[in-house]
Structures are given as structure tokens and as C-alpha cells.
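S.K.: Here you go, one structure.
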């Protein structure tokens, strides 16, 4: 019979080992070049392939607009991938049917950045007039 204290210690050891192994995985880092908007084309063997979409973008909103235009063009040509990922100045941009979400890590938390209002993307919290 396994004692509760021993079981708890075993589970804690197992959880610590899993956490240590997950920390060993290489994290995908977004490029940080000022004003450059990227499209994440693929991740193969844990290595990202970022393509330059636009240079001299003044802010993240303009980068998101360029990525959305690219996404719309692909879909109009018969593309099936409705979700794309981009990057702008050390931030990821995740675009899909619900809008644009941003995050500092590829697999971490994503925060609403631009939401859909009909066919337009508008900033979170803006007045839908």
C-alpha cells in the first residue's frame, strides 16, 4: 500500500522533472528588427522560417493590416489556412477569423489586439459606431 505522503512526493518529483524537460526545449523567438513585419512561414524541427512581409512599418497595427491583406489574398486564391502567424518588433501576431491576437511567446498567452467588426478590424475597446 502506498502512503499518501510518499505518493505526493512522487507526484511532485514527476512534475518537477516534466517542468525541467519542457524548459529545455528551444523557444521560438520573434525577430526584433525595428519596423519590419514578418510572416512565420513554417516551423520545422523546432526552427522557425520568418519571411519579410514589409519594411518600414510604423507600428504593430500596420503590420497586422499587411498580414491580414496577405491572409485575405491567400484565401481568395483558394487557400485553406485561415490562421497565420506574424511578428513585429519582438511580438507575435496571431491572425484568424476572430481577429488579431498578440503575445510575446509562440506557445504562451495570447491577448486580443484587433477584433472583427463586420469586415473591419478595430482596436479592442473602441467605440463600434
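Values in this text are rule-based calculations from the coordinates and carry no lab data. Note that the structure is predicted; figures quoted are calculated from it, not measured. Positions of Cβ are backbone-derived with ideal geometry, glycine not excepted, and every protein chain shown enters the neighbour counts.
S.K.: Label residue 82 and residue 117 with points 7 Å out from Cα along Cα→Cβ: what is the distance between them in nm?
M.R.: Modelled inter-label distance: 2.3 nm.
S.K.: When all C-alpha to C-alpha distances in segment 28-123 are sorted into bins of 5 Å, what percent of pairs does each bin hold, rounded to whole numbers?
M.R.: 3, 14, 26, 26, 20, 9, 2, 0
S.K.: In whole Å, what is the distance between the alpha-carbon centres of segment 39-61 and segment 77-97?
M.R.: Centre-to-centre distance over Cα atoms comes out at 9 Å.
S.K.: Another question, if that's okay. Using the number of other C-beta atoms within 10 angstrom as an exposure proxy, rank 85, 124 with the fewest first.
M.R.: 124, 85
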